[in-house]
Amino acid sequence: MLEASQQQTLGVLLARHRSTPGGLLPLLHAVQEALGYVSADAVEDIARAFNLSRAEVHGVITYYHFFRSAPPGRCVVQVCRAESCKAVGGDALLAHAEAVLGCRSHHTRDDGAVTLEPVFCLGLCAMSPAILVDDRPHARMTPEKFDRLAARLEIAA
């Protein structure tokens, strides 16, 4: 069940996007930006506003890896999985992040401290491998630099 303030925010966003042709994706981005994720309760209201089934809206949310259907951790770590980053150790970096953070990709650690998300292309190809931590880029990331960053942010498991 959405809290009253969340329901009010969703109502404002629905009013802004429902009559826009192709407005579903911009709405979903706006909802995630405002609420941090697109909850199952929001899906029902979104489907009704766009005259879609809940399954259709859910299908869009699950098709795009960017959208979350559950609240993220207090810290969100995104590891680039694009070719440039993979070519210089991105796969090993992601595996290292999973071990250090104590959480698998696409998951939030049980204590809610951190969410680990693989992403495709952060636009830092010349400085690969790259990660984002709470939307702040970190380039030329190594396991050692990651360890120091995780310790400083107090997110290591």
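Counting alpha carbon pairs within less than 8 Å and at least 6 residues apart, what relative contact order, in whole percent, applies to region 4-63? Dividing the mean separation by the residue count of region 4-63 yields 27 percent. For region 96-153, trypsin sites (Lys or Arg not before Pro) meeting the loop criterion (DSSP other than H, G, I, E, B) and having at most 14 other Cβ atoms within 10 Å: 104, 140. Taking the C-alpha atoms only, the angle from helix 90-101 to the longest principal axis of the chain is near 80 degrees.
Rounded to the nearest 5, what is the percent of antiparallel bridges among the DSSP beta bridges in the chain?
Here the share of antiparallel DSSP bridges comes out near 55 percent.
Overall shape: oblate for region 55-137, with the ratio a/c of the largest to smallest alpha carbon gyration tensor axis at 1.5 or above and b/c at least equal to a/b. Computed on region 75-153, with alpha-carbon pairs under 8 angstrom and 6+ residues apart, the relative contact order is 38 percent.
Against the main long axis of the alpha-carbon atoms of the chain, helix 24-35 sits at an angle near 70°.
FYI, it's all coordinate maths here, none of it is from the lab. Predicted model only: the values in this text are computed from it and were never measured. Positions of Cβ are backbone-derived with ideal geometry, glycine not excepted, and every protein chain shown enters the neighbour counts.
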